[in-house]
């Protein structure tokens, strides 16, 4: 792959002064709704999502260069449901200019810091929330602690993503869906979301999936790994049952479980504990499974 000279990102960054950047802020009251749907398409830059100490309000800010990015933010309420849509993508003219200068694959080497785009949204803690995120090139820090999450759908492109859940979700999350392409994905405490079903796809990138937390519910799910690699951490405070399909070119390492027929299971099954049942399919990639309290 052709590499961008290190000088290019520095030159691009130096061409952007603070005076050229714009900042837009947003505040939307949500005290009259019972369900919130959040949809974000984030093409390039840095994204931060976290809980808002202000229980009755969505708060956000976007810092961007107007020649390169056009943010679109819309919030509407219909009865007891609120819908927040955020779209931050590159302007078409700038996309065309950059492709005339460099091949698009070269821009993979340019980090979000060189493009001076940053978006922060703080979501209300008590309103059940569906979140759908589509990430392109950049970095995302997603902290779902203290939120009431009813559904999570996350698609990662070339992003570096860190997702944490430090507190127990007050409700069960219907589904957690994570699709990681070439991204570097790191998730901690996903068990705290109390997902009914979890689906994870890892393409060419790497992923660290920590499904530990306060295990109070059964979890079922599927994991598909193509050419990438995944470190899967499961809770010792649950019964685990894994069904693994792999090719002769894949590498799977399972620690803390025993092989029983065609499945990997907890050595000491306790009917008083919740159960994690997962199917894992591996193409040419690597999977490491470990247990942790």
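Hey, can you tell me all the residues within the range 195-204 that are within 16 Å of residue 160 (Cα to Cα), surrounded by fewer than 23 Cβ atoms within 10 Å (Cβ to Cβ) and in contact with a strand residue (DSSP E or B) (Cβ under 8 Å, 6 or more places away or on another chain)?
Of everything in the range 195-204, those that are within 16 Å of residue 160 (Cα to Cα), surrounded by fewer than 23 Cβ atoms within 10 Å (Cβ to Cβ) and in contact with a strand residue (DSSP E or B) (Cβ under 8 Å, 6 or more places away or on another chain) turn out to be 201, 203.
Quick check on my filter: what residues within the range 182-194 are under 14 Å from residue 163 (Cα atoms) and not in a strand (DSSP E or B)? Even if it seems obvious, please write down each step before you answer.
Our first condition is that a residue be under 14 Å from residue 163 (Cα atoms); within the range 182-194, this holds for 183-193.
Listed by number, the residues that qualify are 183, 189, 190, 191, 192, 193.
Would you confirm whether any residue within the range 237-260 is within 30 Å of residue 146 (Cα to Cα), under 21 Å from the mean Cα position of the chain (by Cα), at pLDDT below 95 and crowded, with 16+ Cβ neighbours inside 10 Å?
no
So which residues in the range 225-270 are touching a residue at least 12 places away in the same chain (Cβ under 8 Å), more than 16 Å from residue 203 (Cα to Cα) and part of a loop (DSSP other than H, G, I, E, B), if there are any at all?
236, 237, 238, 255, 256, 257, 262, 266, 269, 270
On the given criteria, is residue 207 closer than 17 Å to residue 287 by Cβ and assigned to a strand (DSSP E or B)? Spell out the reasoning first.
Working: closer than 17 Å to residue 287 by Cβ: yes; assigned to a strand (DSSP E or B): yes.
Criteria met by residue 207.
State which residue is modelled with the lowest pLDDT when the search covers only the range 172-188 and only residues that are surrounded by fewer than 18 Cβ atoms within 10 Å (Cβ to Cβ), in contact with a strand residue (DSSP E or B) (Cβ under 6 Å, 6 or more places away or on another chain) and farther than 20 Å from residue 130 by Cα.
The residue in question is 184.
Quick one: is residue 213 outside any strand (DSSP E or B), at positive phi and over 20 Å from the mean Cα position of the chain (by Cα)?
no
So which residues in the range 271-290 are in a loop (DSSP other than H, G, I, E, B) and under 21 Å from residue 194 (Cβ atoms)? So that I can check it myself, show each step before the final result.
Here is the first cut: in the range 271-290, the ones in a loop (DSSP other than H, G, I, E, B) are 271-274, 283-285.
Within the range 271-290, 271, 272, 273, 274 meet the criteria.
Against the definition (closer than 25 Å to residue 150 by Cβ, under 23 Å from the mean Cα position of the chain (by Cα) and either outside any helix (DSSP H, G or I) or at pLDDT below 95 (or both)), how does residue 45 come out, yes or no? Explain how you work it out, then say what you get.
Details: closer than 25 Å to residue 150 by Cβ: no; under 23 Å from the mean Cα position of the chain (by Cα): yes; either outside any helix (DSSP H, G or I) or at pLDDT below 95 (or both): yes.
In short, no.
The values are calculated or read from the model by the stated rules, or taken from the named source; none is laboratory data. From a predicted model like this one, the values you see are computed outputs, not experimental measurements. Cβ sites come from the backbone with ideal geometry, for glycine too, and all protein chains shown count toward neighbours.
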